[in-house]
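**Q** Dropping a structure here in structure tokens format, bear with me for questions.
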There are 2 protein chains.
Amino acid sequence: MAKAFGFAATDASAPLAPFSFDRREPRDKDVELDILFCGVCHSDLHTARGEWGNTLYPSVPGHEIVGRVSRVGAGVTKYRVGDLCGVGCLVDSCRHCVSCNEGLQQYCENGWTGTYNGPEQGTGANTYGGYSDKIVVDEAYVLRIPDGMDPAAAAPLLCAGITTFSPMRRWRVTAGQRVGVVGLGGLGHMAIQIANAMGAHVTLFTTSPGKLEDAKKLGAKDVVISKDPAAMAAEANTFDFILDTVAAPHDLDPYLNMLKRDGVMCLVGAPATPHPSPGVFNLIMKRRQLVGSLIGGIPETQEMLDFCAKHGIVSHIEMIAMADINEAYERMLKSDVKYRFVIDMATLDKTAA
Amino acid sequence: MAKAFGFAATDASAPLAPFSFDRREPRDKDVELDILFCGVCHSDLHTARGEWGNTLYPSVPGHEIVGRVSRVGAGVTKYRVGDLCGVGCLVDSCRHCVSCNEGLQQYCENGWTGTYNGPEQGTGANTYGGYSDKIVVDEAYVLRIPDGMDPAAAAPLLCAGITTFSPMRRWRVTAGQRVGVVGLGGLGHMAIQIANAMGAHVTLFTTSPGKLEDAKKLGAKDVVISKDPAAMAAEANTFDFILDTVAAPHDLDPYLNMLKRDGVMCLVGAPATPHPSPGVFNLIMKRRQLVGSLIGGIPETQEMLDFCAKHGIVSHIEMIAMADINEAYERMLKSDVKYRFVIDMATLDKTAA
């Protein structure tokens, strides 16, 4: 075992606090990373606070991890000590089902292993995430951070980036298409940049007129205020693809109505209480598709990183110290972040270990 | 003008009754059919009774029409007097939009012309359907009934058949796939036969244990009673495609949960009040798709007729006299029909004209 140190929630109501724990010694195919940066995702907060009802405590969140390889197992072939690497939402899966064989480990038929909140394959043990000084992961689930990419700003690509990139690839967003992005937060600000880099004409839908400038800087051609029914109706039947990043319950029909025939609306956020039921006529009359998508597989996560490097895309981040995580959660709940908090792990005070 | 005669509703509360009206003289590209048979679709009833709020009265329903060509315009090239032809749900469209150019006239961007309840292209006039002795339709919207197919049992293919065939083609149902059909009525009994002929392993979902025998005769391999939660849960993650033919509001989640990764659930019935809102997690966790589909285009309707002829598929019908239509509507509301009423137009008493 290797001693590790980070921040954990010990129960649903406890703030995150310093926590010492053990990581496994690197096995034959394992890579150990010294964590440099870890992005802060809404899922971290939901899990830390037990809001999905399935949290294993103590819980060390964090699945937008960038670090430098510190040790490798004897059988590791892809990475060497000193490489800059990433770890996203999953660190293992069954490796033999249809989805794993297709590189879609996030849909593993036998259940994948989350970077935190487990369960570890075989043992079922809990896993601890990136709010920590190091992590040990099988090289098959480790990503390479492309040369020249800012490592801190790359971290959120491992979740927010791939969650928006994957459905755009799956439903074949191509140059010249009209793509809508609902919501400008951690996911939305990645979606705008990626869709724009794919050559799409991107429209942001937001409740906040104040986001217009930012959206345009990120690459949106148009911004539509979603609270304006006339502005919304004017977009009817014009979109090829709409990515809805908003998890708060909201009416999907105004967006479905914007899709062309055969258009796709993809949900990547799951609301705590249901959205109003979408109108079936809206689906039938234009053969529209309402779909969901979950993060992305390992090969396409690497593809996304390389795509972002090529197009100069990173997350827009606000760096925080590890000790400021609880305050960051509160600000995140108020959407008071542009657009992702990233923990600088150099701020982790190991004297508390 | 040519004198025509049929049955019409004169307002939402009136039963259908004899009605004399005019058809246009066949124009250059028009085909006139002497109607032999007309299927009875739920849409007929909804329209006659004004339940969709858009009925133009008097309303002559009927869009599952089989007849023999009695006259043709000078420019008609596809059909000759004496040919056995069909007319389905649409008799015209704009002919120049993207969807029309792709042969998907049912999604015409400028609005297609229903076989009944109009509006006619250009004039906006009402159109009168197949509960009548003759109809005049541009040859581009006329189908050929394949040789050897029972003309009465072919009639329902023009709506019930194509409505189920089209989405199975669109989402590429192929041999060996597992296909679910929800509901065994006019649409469901066509869907089972067509999916089976495509080589799929077909499962019927029904609330009625009494339908097991019929479903198996139609080609279903399995029947699952949808009121049995354990039986439903046992099918989780096993279906490639589910066609939901039930328009009554019902919970979609048990069906969404049955889809494999990337599976498609297609709705072809629109409920009068919304279904319970489908769970977003069910979509996200397996990248599932909830979609809608509307009848089918003219080329694929011909393809469907030829496919059905090749595979010996027709509708299972109960023949009725024109004068029995109001009684048939009452029975249809109680699902007391196996599986489609077809009006024998030889029973139309023209002495009332």
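The values are calculated or read from the model by the stated rules, or taken from the named source; none is laboratory data. Here the structure is a predicted model, which means the values were calculated and not measured. Here Cβ is always computed from backbone atoms with ideal geometry, including for glycine, and neighbour counts include all displayed protein chains. We work out accessible area using only protein heavy atoms, side chains counted, and drop any ligands, DNA or RNA first. Shrake-Rupley method; radii C 1.70, N 1.55, O 1.52, S 1.80 Å.
**Q** With all protein chains present, how much of the accessible area of the stretch A:1-114 (probe radius 1.4 Å) comes from carbon and sulfur, to the nearest whole percent? Display every interim value, and only then the final one.
**A** On the way: 2470 of 4710 Å².
Accessible surface attributable to carbon and sulfur in the stretch A:1-114 totals 52 percent.
**Q** At a 1.4 Å probe, what is the % contribution of carbon and sulfur to the accessible area of the stretch A:161-292?
**A** On the way: 2450 of 4380 Å².
Here it works out to 56 percent.
**Q** What value does the stretch B:161-292 have for Rg/Rh, both radii from Cα atoms and Rh as Kirkwood defines it? It would help to have the intermediate numbers written out before the result.
**A** Values: Rg = 13.2 Å, Rh = 14.3 Å.
Value, to two decimals: 0.92.
**Q** Please label the shape of the protein assembly as shown as rounded, prolate or oblate, based on the square roots a ≥ b ≥ c of the eigenvalues of the alpha-carbon gyration tensor (a/c under 1.5 means rounded; beyond that, a/b larger than b/c means prolate, else oblate).
**A** Details: a/c = 2.75, a/b = 2.25, b/c = 1.22.
Taking the square roots of the gyration eigenvalues as a ≥ b ≥ c, the protein assembly as shown is prolate.
**Q** How about the stretch A:272-312: which of its residues lose at least 40 Å² of accessible area in the presence of all protein chains relative to their chain isolated, using a 1.4 Å probe?
**A** When all protein chains are present, A:277, A:280, A:281, A:283, A:284, A:285, A:286, A:287, A:289, A:290, A:292, A:294 each give up 40 Å² or more of accessible surface.
**Q** Next question, about the same structure. Given the whole protein assembly as supplied and a 1.4 Å probe, what does the accessible area of residue A:141 come to in Å², nearest 10?
**A** Residue A:141 exposes around 10 Å² with every protein chain in place.
**Q** Now, a different point. Just list whichever of B:221/B:334; A:78/A:221; A:286/B:217 have alpha carbons separated by over 31 Å in the model shown.
**A** Numbers: B:221/B:334 26 Å; A:78/A:221 40 Å; A:286/B:217 34 Å.
Beyond 31 Å between Cα atoms: A:78/A:221; A:286/B:217.
**Q** Could I ask something else about it? Could you report the stretch A:1-156's accessible area per residue, 1.4 Å probe, as an integer in Å²? Before the final figure, lay out each step's value.
**A** Numbers: 5990 Å² over 156 residues.
I get 38 Å² per residue for this part.
**Q** List the distances, in nm to one decimal, from the label point of residue B:21 to the label points of the same position in every other copy, shortest first, placing each label point 7 Å from Cα along the Cα-to-Cβ direction.
**A** Shortest to longest, the spacings are 7.2 nm.
**Q** Using the alpha-carbon atoms, what tilt in degrees (0 to 90, nearest 10) does helix B:186-197 show relative to the longest principal axis of chain B?
**A** 70 degrees
**Q** So which aspartates and glutamates can residue B:260 reach, going by Cα to Cα under 17 Å and dropping same-chain residues fewer than 8 places off?
**A** Straight-line reach from residue B:260, under 17 Å: A:102, A:109, B:235, B:240, B:244.
**Q** Another question, then. Placing the label point 7 Å from Cα along the Cα-to-Cβ direction, what are the distances from residue A:207 to the equivalent spots in the other copies, shortest first, in nm to one decimal?
**A** From this label point to the equivalent ones elsewhere in the assembly: 3.7 nm.
**Q** Then there's this: Semi-axes of the equivalent ellipsoid for the stretch A:203-353, please: Cα gyration tensor eigenvalues, times 5, square-rooted, ordered largest first, whole Å. Mind dumping the intermediate values first?
**A** On the way: eigenvalues 225, 68, 57 Å².
Over the Cα atoms of the stretch A:203-353, the ellipsoid semi-axes are 34, 18, 17 Å.
**Q** Angle between the Cα long axis of helix B:160-170 and the longest principal axis of chain B, 0 to 90 degrees, nearest 10?
**A** It is inclined by approximately 50 degrees.
**Q** If the label for residue A:251 sits 7 angstrom from Cα along the Cα-to-Cβ line, what are its distances to the same label in every other copy, in nm to one decimal, shortest first?
**A** Here residue A:251 shows inter-copy label distances of 2.7 nm.
**Q** For the stretch A:161-292, with every protein chain kept in place, what is the accessible area per residue (1.4 Å probe, Å²)?
**A** Counting only protein heavy atoms, the per-residue value for the stretch A:161-292 is 33 Å².
**Q** Moving on to the next point. Using only the C-alpha atoms of chain A, find the volume of their convex hull and express it per residue in Å³.
**A** 130 Å³
**Q** Oh, and also: Is any residue of the stretch A:179-196 close enough, with backbone N under 15 Å, to a label point placed 7 angstrom from the Cα of residue A:227 along the Cα-Cβ axis, and if so, which?
**A** Output list for this probe position: A:183-184.
**Q** Could I ask something else about it? Using only helices, what value at 222 nm comes out for chain A when you add -39,500 (n - 2.57) per DSSP H run of length 4 or more and divide by the total residues, to the nearest 500 deg cm²/dmol? It would help to have the intermediate numbers written out before the result.
**A** Details: 11 runs with 81 residues, N = 353.
Estimated from H runs of four or more residues: -6000 deg cm²/dmol.
**Q** So, one more: Just checking the output field for B:258-269: average partner chain Cβ neighbours within 10 Å of each residue's Cβ?
**A** That works out to 3 on average.
**Q** Related question: Please list, or write none, the lysines whose alpha carbon is within less than 23 Å of the alpha carbon of residue A:350, excluding same-chain residues fewer than 8 places away.
**A** Within the straight-line limit of under 23 Å, residue A:350 reaches these lysines: A:3, A:134.
**Q** Any idea of the total accessible area buried by the B-A contact, 1.4 Å probe, rounded to 100 Å²? Walk me through the intermediate numbers first.
**A** Details: alone 14750 and 14750 Å², together 26450 Å².
Approximately 3100 Å², summed over both chains.
**Q** How high is the relative contact order of chain B, given as a whole-number percent (alpha carbon pairs under 8 Å, six or more residues apart)? Write down the numbers at each step before the final one.
**A** Values: 857 pairs, mean separation 61.7, N = 353.
After rounding, I find 17 percent.
**Q** What number comes out for the charge environment of residue A:241, summing +1 per Lys or Arg and -1 per Asp or Glu over other residues with Cβ under 14 Å away? Display every interim value, and only then the final one.
**A** On the way: positive: A:169, A:170, A:172, A:178, A:260, A:261, A:286, A:288; negative: A:235, A:240, A:244, A:262.
Charge balance in the 14 Å sphere: +4.
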